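Here the structure is laid out as structure tokens; the discussion comes afterwards.
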Amino acid sequence: MNTDQFLVKSSLEFIDKASFTWQTPSNIALVKYWGKSNPQIPKNTSISFTLNNCHTITTVDFIKKEKSNEVAFNLFFEGKQKDEFKPKIAEFFKRVQEYCPYIFEYELTINSENSFPHSSGIASSASGLSAIAMCLMSLEKEINPDLSEESLNKKASFLARLGSGSASRSIEGPLVVWGNHPEIEGSSDLFGVQFPYKVHPFFENYQDVILLVDKGEKQVSSTVGHNLMHNHPYAESRFIQANENLGKMSKILQEGNAKDFINLVESEALTLHGMMLTSTPYFILMKPNTLEIINKIWEYRQENQSNICFTLDAGANVHVLFPENEKGNVIKFIDKELSKFCQKKHYICDTVGFGAKKL
Ligand code: DP6
């Protein structure tokens, strides 16, 4: 794998200070990433819808200082100093320092906030780390005028991946593939790429309502979950299946087959949780209300000839996916039948989005 392309080869023209603000979205996988090897290389290809309303806004201030051996940074989350988040970010800087040697020349102050409540059970690592990656790339662009716009996004996704795998899929939109796949031109294990084929209009402006079933901290982090795939008895067949599903999903997205989409998306969600149920040690991230909601969605779909379906990420919350023309009816259904299964009846309405925005 050619990681050399991400090394800084030009001589840099340092500036005294700079400040950049980026808004980067969360994403929801249709074919799931679950299992990786070092350094953050996925065991199978995944594809996600980029979201729009669930995002992180991050400002990084860079002040030039004497060069040091460690990255100097301060971290604020929603205006408060957050030292407990520092180890994850410090680890991220360690992984990217080879590709961003300029970070040793600056003191960084990171100010971050999410559009969704912190304790919503919505993973913020994808949006959080892609935002920092974009800020680093904005600095790199200032001090390395040779950097092209195209290589900027590619390297941002490459850096984001080193922080959190799914963050590689949060730079662009509306559909991003991460992981090398023979049927997806340009795909790579190193960074996410926009789905390269024409998508059927059925998926335009697709809707995602996130039902907040459990806002608490997860008992098992994604990182621990990924690691449990190493000795998992079904891992190898799961990776083969996921890559086959990616090929199927590519065809579905181009042809607009709603039934096949629903079957594949729900099967992927349940398979992800099936992997958790069959890990050693086993664990369950779904809650009773997750299953209540799934059953109600199936009932509603049957009774209304609807194209509504669900997916799950590594938690108890349910993502309800449906085409834009069903919005009115589905929101009524959610209000009446599903919101009672959410903590404080709380849910978030989102749509597919187009990726990182510089503010
Ligand atoms: C279930 O990207 O959070 O959401 O690479 O360890 O940071 P790390 O894991 P992370 O895993 C996400 C897993 C998932 C499925 C997906 O988004 O594809």
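The values are calculated or read from the model by the stated rules, or taken from the named source; none is laboratory data. Please read these numbers as outputs of a predicted model, since none were measured by experiment. When we count neighbours, we look across all protein chains shown, and the Cβ atoms used for this are built from the backbone with ideal geometry, even at glycine. Side chains are part of the model used for accessible areas, which takes the heavy atoms of the whole protein and leaves out ligands, DNA and RNA. Shrake-Rupley method; radii C 1.70, N 1.55, O 1.52, S 1.80 Å.
Before moving on, here are some points about what is shown:
- Of residues in region 59-72 being at pLDDT 95 or above and of a type in the set (A, V, I, L, M, F, W, C), the one nearest to Lys155 (Cα to Cα): Val60
- Answer residue from region 12-60, given it is under 11 Å from the mean Cα position of the chain (by Cα) and of a type in the set (Phe, Trp, Tyr) and is nearest to Pro117 (Cα to Cα) among those: Phe49
- Close pairs from region 215-231: first in contact (Cβ under 8 Å) with a residue 60 or more places away in the chain, partner more than 9 Å from the ligand (Cβ to nearest atom) and open to solvent by 40 Å² or more (accessible area, probe 1.4 Å), Cβ under 8 Å, at least 6 apart: Lys215/Pro117; Lys215/Ser119; Lys215/Gln343; Lys215/His346; Gly216/Ser119; Glu217/Ser119; Met229/Lys43
Each row is one residue, and each column tells you yes or no for (1) out of contact with any helix residue (DSSP H, G or I) (no Cβ under 6 Å at 6 or more places or on another chain); (2) among the small types (Gly, Ala, Ser).
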| position | (1), (2) |
| --- | --- |
| Gly179 | yes, yes |
| Phe195 | yes, no |
| Asn205 | no, no |
| Val224 | yes, no |
| Met229 | no, no |
| Gln241 | yes, no |
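- The residues in region 308-359 that are among the aliphatic types (A, V, I, L, M), in a loop (DSSP other than H, G, I, E, B) and open to solvent by less than 40 Å² (accessible area, probe 1.4 Å) can be counted, and the count is 4.
- Any hit, region 34-48, residues being open to solvent by less than 30 Å² (accessible area, probe 1.4 Å), in contact with a helix residue (DSSP H, G or I) (Cβ under 8 Å, 6 or more places away or on another chain) and more than 16 Å from the ligand (Cβ to nearest atom): no
- Residue selected from region 270-296 under the condition in contact (Cβ under 8 Å) with a residue 40 or more places away in the chain and among the hydroxyl-bearing types (Ser, Thr, Tyr), by the criterion nearest to the ligand (Cβ to nearest atom): Thr271
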